[in-house]
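Here's the structure, in structure tokens; my notes come after.
What follows draws every value from the coordinates through simple rules; no lab data is involved. Worth saying up front: this structure is predicted, and the values here are computed from it rather than measured. Here Cβ is always computed from backbone atoms with ideal geometry, including for glycine, and neighbour counts include all displayed protein chains.
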Amino acid sequence: MKILVINGPNLGLLGVREPGIYGNTTLASVEARLQQVAAETPGCELEFLQSNHEGVIVDRLNAVMTDAPVDGIVINPAAYTHTSVAIADALRACSKVPAIEVHISNISSRESFRHESLTAPACLGMIAGLGVDGYEWALRALMTKLNK
């Protein structure tokens, strides 16, 4: 089983960017924790992508349907959550591959422009507001879904 973990713009700055909202944990630490979780399931492999560029994310999602397939996707589109029809469409294009959207903060309790997710309707579900632990919950939920 191969799971793609995508992080959008500014998430490479986790641990230093607005720690009051996003905490002090770095993206490298999040990825290391996810590797530990994946190791609990024999044959589970993770691929990580962090990009500040919408097109890079869209290209990788498109590749899911062509030359770089995966079995599931965990995605934190970050600011693109609220603006990117392109990422939403790319997720819909690979709709046979279950995706779970993650947000470190509770987007519904922040500024009004963050309340709507354009990308969540293209996903199996969304986990928000649980801090970086949301990544682990998303991965575990996805692995459970894929093992059924």
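What does the charge dipole of the chain about its Cα centre add up to, to the nearest 20 debye, if the Cβ of each Lys and Arg holds +1 and the Cβ of each Asp and Glu holds -1?
About 240 debye.
Just add up the charged neighbours of residue 141: K/R +1, D/E -1, any other residue whose Cβ is under 15 Å from the Cβ of residue 141.
Net charge in that neighbourhood comes out at -2.
Highest mean first, what order results for 35-44, 5-14 on Cβ atoms within 10 Å?
5-14, 35-44
If each residue of separation counts as 0.36 nm, what is the full-extension length gain between residue 65 and residue 52 once their alpha-carbon separation is subtracted?
Stretched fully, the residue 65-residue 52 segment lengthens by 2.5 nm.
At 222 nm, what helix-only mean residue ellipticity would the chain give, in deg cm²/dmol to the nearest 500, using -39500 (n - 2.57) for each DSSP H run of four or more?
-10500 deg cm²/dmol
Extending each Cα 7 Å along its Cβ direction at residue 13 and residue 144, get the distance between those two points in nm, one decimal.
A separation of 3.5 nm, rounded to one decimal place.
Would you mind computing Rg(Cα) / (2.2 N^0.38 Å) for the chain, counting N as its residues?
Computed over Cα atoms of the chain, the ratio equals 0.96.
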